[in-house]
2 protein chains.
Amino acid sequence: MTIQRIQVTDARFPFGEGMGSDAIHRTPVYSYAVTTLANGDAAGTGLAFTLGDGNDLVCRAVEHLSRQLVGRDIEEIMHDFGALQRSLANDEKYRWLGPHKGVVHLALASITNACWDLWAKRRGVPLWRLLLDLSPEELVATLDLSYLDDALTRDEAIEIVRSQQHSRTERESVLDRGYPGYDTSVGWFGYDDEKLRDNCRRSLDCGFRALKLKVGSAEMDRDLRRVEIVREAAGWDVRFMVDANQQWSLPRALEFGRRTGDYNLYWIEEPTHPDDVFAHQTLARELGAHKIAAGEHVPNRVVFKNYLQAGSLGFCQVDALRVAGVSEFIVVSMLAKKYGVPVAPHVGDMGQLHQHLVLFNHIALGHDALFLEYIPHLQQHFRHPCRVEQGVYRTPQESGASCDLISLS
Amino acid sequence: MTIQRIQVTDARFPFGEGMGSDAIHRTPVYSYAVTTLANGDAAGTGLAFTLGDGNDLVCRAVEHLSRQLVGRDIEEIMHDFGALQRSLANDEKYRWLGPHKGVVHLALASITNACWDLWAKRRGVPLWRLLLDLSPEELVATLDLSYLDDALTRDEAIEIVRSQQHSRTERESVLDRGYPGYDTSVGWFGYDDEKLRDNCRRSLDCGFRALKLKVGSAEMDRDLRRVEIVREAAGWDVRFMVDANQQWSLPRALEFGRRTGDYNLYWIEEPTHPDDVFAHQTLARELGAHKIAAGEHVPNRVVFKNYLQAGSLGFCQVDALRVAGVSEFIVVSMLAKKYGVPVAPHVGDMGQLHQHLVLFNHIALGHDALFLEYIPHLQQHFRHPCRVEQGVYRTPQESGASCDLISLS
């Protein structure tokens, strides 16, 4: 299956008042820089996520970096994809614009995800199935492990998969049960108290057992009031997370953590700047009662390695639309496994791609089947929207990575 | 002086065989994303540096981020520039593409540098003079100190400047003496042994007392041979630095350091991935004889803060064309001062802008007058090329930041 041409699309989806809003991003336009690898029979679709303006920059970078894929066979590409990905990431002129972060790395995410989607379609299976069917050696050949020598060698990566093989069968029951979801959309930043209260009740009615609230208000009292509202409306049996979207300084994050010690928060997400490994380490140490979650703005495996080495993370929220796609997502998941940190991805893809990856993480790597973020706002735009029933992701059965957009069909 | 219109230029300068080459970048095209803030009388020029392809992405981002400056007065802008810079850095849709790194942050560097250049021209003084004439409070008002609460508050920043005021006069003698340079161009990666040897001799003849060699060869023996050549040709009295441009894994960097223990290397620059704070910490600890230098790819003050907190740096090589321009350069220099680490900037600007900034660092912040990198390859393109005589930067006297390009005149 040869890639005959590559199409790059700037797809933007404005939506309603308050939806998607957080302390930093008040009027987001959920957008994808879409890579389409086309041949006669099928097309591989890869996504990188942005918030609107600048999505075109990612598209331009995809055009530049993807050119060398034209005319190549997808099986041949994926046979040694780790080396190809490394060479794309180190394009000697583009590399200066990162390295391995920002616009150029988002472009690599989109390209990488398109390759994985096309490969799964070529084999006629859902991505999770393809991933589970690869031998440890085949899988590791798709990964770029450079700069990880002190934390994850090739042999260690293979051993992580191999060591879980004997117990796989019992974990495969998740394919029938489905993977739990959590509801991010009860408490967007711009929603008023009444809507927040209603959303909590509706979410419980839909079967969710875990909810997330956006915090980071100019007045901390507003945050505290909203925390109170969620506990009142949703009760104490649900897992309750808060997300500050990097709004706080370290002292402010500490203050919030101390003032909410009685609310049994399951995690505090993005409390401060995503580059600040040591601020997160301090928070993790000082706020033992609340775990620290971060990752949606952590750009690559090297920074995640530092986060894990520092003990800064209670939950690893790697997003395959931020790091270099499926391959680097798997690398980070392996690192997290080694350091004993659960993975709960951020879903720039609205869960479409990650529903496959968390199944792989659970079954092949032995990660707990914790839960996956759920955001329904773009459902109508996907050809195969994820099915979440009673708060649980049903296992996707279509071939590929579930990322095809209707507008591009 | 009102900004009437903004021009953005993609300026690229291909040059000869081997020039500028290193272990990672074999055929660089030195390029600038140029911001020109124009009014009737003068134009402010700001530069961000890239290696060619992708320079257009930075230009596009400059166009997007700079629009709100049109119609504003430069004195009014600079009166509270820290707040403006913070708001540009946190543009709610662009921020996702970083935050504070990669293409969007390079764009902010270019815009910021143009503002400083215009301000100095407006006042009719060289940038170093403008910086020295600002009161501590005026200076700190141009800085974005967000996310630094645990390391550098506004009061501490003011105190760093104030505490150096009584001893300023003695350090002002550097204005007459000139600021020492070091020669990066003796040993570009692509140069053969004969050219390396010749360049060392020529460099000493020109008065340089410090040289740098590019390393990071596939065969470490080539690196070791070239280290030997430099010591043979230049002797043991010069300061001798090597630069691996991120080519090595941590174990490889450790190996190089151990095998060159007898060569009295003044620093090892960019030994491994620029995001890897802990790998640099390990190197700093294990290779006591060689200091670790890094910074040309460290994107912002938050990552520098982590580097300094970890004790990972022997020399801080912040580049005002990588971080958010003059303002963030000053913030990082203040952090380095607090942590006792000397600043030896990387010069994406070929030293044009940094010759002003190191004078400020020495006189106002009390940093040692160590030396400034010197790369002559773009001299003919600047309207006021820096004058380096007997290995020493002569103090620039023209008003502004010395960044005007002839091709844009």
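The values are calculated or read from the model by the stated rules, or taken from the named source; none is laboratory data. Note that the coordinates shown come from a computational prediction; the quantities given were computed from them, not determined experimentally. Counting neighbours? That spans all protein chains shown, and the Cβs are built from the backbone with ideal geometry, glycine included. All accessible areas refer to the heavy atoms of the entire protein, side chains included, with ligands and DNA or RNA removed. Shrake-Rupley method; radii C 1.70, N 1.55, O 1.52, S 1.80 Å.
General observations
- Only a single item in (1) in contact with a helix residue (DSSP H, G or I) (Cβ under 8 Å, 6 or more places away or on another chain); (2) surrounded by 24 or more Cβ atoms within 10 Å (Cβ to Cβ); (3) of a type outside the set (S, T, N, Q) is not met by residue B:270, and it is number (1).
- Total residues in the range B:132-154, condition within 22 Å of residue B:324 (Cβ to Cβ), acidic (Asp, Glu) and open to solvent by 40 Å² or more (accessible area, probe 1.4 Å): 4
- Some residue of the range A:295-307 being assigned to a loop (DSSP other than H, G, I, E, B), open to solvent by 10 Å² or more (accessible area, probe 1.4 Å), over 21 Å from residue A:157 (Cβ atoms) and within 13 Å of chain B (Cβ to nearest Cβ): no
- Test: residue in the range B:184-199 that is part of a loop (DSSP other than H, G, I, E, B) and within 20 Å of the chain's Cα centre (by Cα): yes
- Criterion violated by residue B:86 - all others in (1) crowded, with 21+ Cβ neighbours inside 10 Å; (2) under 26 Å from residue B:5 (Cβ atoms); (3) within 14 Å of chain A (Cβ to nearest Cβ) satisfied: (1)
- Residue match in the range A:253-264 (condition: surrounded by fewer than 20 Cβ atoms within 10 Å (Cβ to Cβ), out of contact with any Cys (no Cβ under 6 Å at 6 or more places or on another chain) and hydrophobic (A, V, I, L, M, F, W, C)): yes
- Residue that is nearest to residue B:186 (Cα to Cα), among those in the range B:213-248 that are of a type in the set (S, T, N, Q) and within 14 Å of another protein chain (Cβ to nearest Cβ): B:245
- Leading residue by the ranking (nearest to the chain's Cα centre (by Cα)) among those in the range A:249-293 that are within 8 Å of chain B (Cβ to nearest Cβ) and assigned to a loop (DSSP other than H, G, I, E, B): A:274
- Test result for residue A:234, touching a Leu at 6+ places or on another chain (Cβ under 9 Å), of a type in the set (Gly, Ala, Ser) and buried (at least 16 other Cβ atoms within 10 Å of the Cβ): yes
- Unmet requirement for residue A:329, which otherwise passes all of (1) touching a strand residue (DSSP E or B) at 6+ places or on another chain (Cβ under 7 Å); (2) within 22 Å of residue A:138 (Cα to Cα): (1)
- Scanning the range A:89-118 for residues that are of a type in the set (A, V, I, L, M, F, W, C) and open to solvent by less than 10 Å² (accessible area, probe 1.4 Å) turns up A:97, A:103, A:106, A:107, A:108, A:109, A:111, A:114, A:115, A:116, A:118.
- Checking the range B:62-80 against the condition returns no match, with no residue being surrounded by 24 or more Cβ atoms within 10 Å (Cβ to Cβ), on the phi > 0 side of the Ramachandran plot and touching a Leu at 6+ places or on another chain (Cβ under 8 Å).
- Considering the range A:1-54, and only residues there that are among the polar types (S, T, N, Q) and away from every other protein chain (no Cβ under 11 Å), the residue that is surrounded by the most Cβ atoms within 10 Å (Cβ to Cβ) turns out to be A:35.
- Yes/no for residue B:125 being open to solvent by less than 10 Å² (accessible area, probe 1.4 Å) and either under 21 Å from residue A:54 (Cβ atoms) or more than 13 Å from chain A (Cβ to nearest Cβ) (or both): no
- Residues in the range A:40-68 that are in contact (Cβ under 8 Å) with a residue 60 or more places away in the chain and of a type outside the set (Val, Ile, Thr): A:42, A:43, A:44, A:46, A:47, A:48, A:49, A:66, A:67.
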